[in-house]
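A short worksheet on the structure shown next.
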Amino acid sequence: MKKFKTNILYLLIVFNSILQSFCIIIDILNDSKSIINITNILNEHEDEKKIELHFIESYYNFRNLNEINLPISQNQIISFSGINETILDYGKANRTSFNIFFRKDSPSYSNANVIFKNFLFTNRIARNFTDKSGAINIFVNKNNRINIDIDNCRFEGFNTHIIYTELDPSPFNKFFLNVRNSK
């Protein structure tokens, strides 16, 4: 009987590992509707542990877009990936930002990872230097930990923040930025 229970336990562990290895993969097109829909996609899949958003075209016009909110859940990994340096063109405007924050119902001490890979962020111009906004905005509160990975990305034509952060004054908030192969 003890051997049977042990085998069932191993089977449950293997099954759980298989379930966690799956991820949702969604292609994002270069149209306002597809880009604006990113927030809805994340809301629809808030219980998924891993979501990959693939920007499958070589150019995206962010000129007339507003903020793109990226609500994340506890222990979630959200990956944005382009193809061979996909261009995100802000068109010398300052309106579009990726706003990364934990969902309101996320428990304290939540962890999450957000990954940007293979992008060229270009032409983001601020109206003034007091503007509290960047291409990527990160808001951390409630004693949370967030990891941002930027891999193989370039930022050109900026006179504004690339990454802007707002952290609650809690000593337990943690924000980690990992930049690799980027300039």
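The values are calculated or read from the model by the stated rules, or taken from the named source; none is laboratory data. No experiment lies behind these values; they were computed from the predicted model shown. Because the Cβ atoms are built from the backbone with ideal geometry, glycine has one as well, and the counts that use them run over all protein chains shown. Only protein heavy atoms, including side chains, enter the accessible area calculation; ligands, DNA and RNA are left aside. Shrake-Rupley method; radii C 1.70, N 1.55, O 1.52, S 1.80 Å.
Miscellaneous remarks
- HIS54 accessible area, 1.4 Å probe, all protein chains in place, Å² to nearest 10: 50 Å²
- Here each label is just a point 7 Å from Cα along the line to Cβ, and for LEU177 and ALA93 those points are 2.5 nm apart.
- Residue pairs, from the table LYS92/LYS174; LYS49/LYS92; LYS92/LYS183, whose Cα atoms sit over 29 Å apart: LYS92/LYS174; LYS49/LYS92
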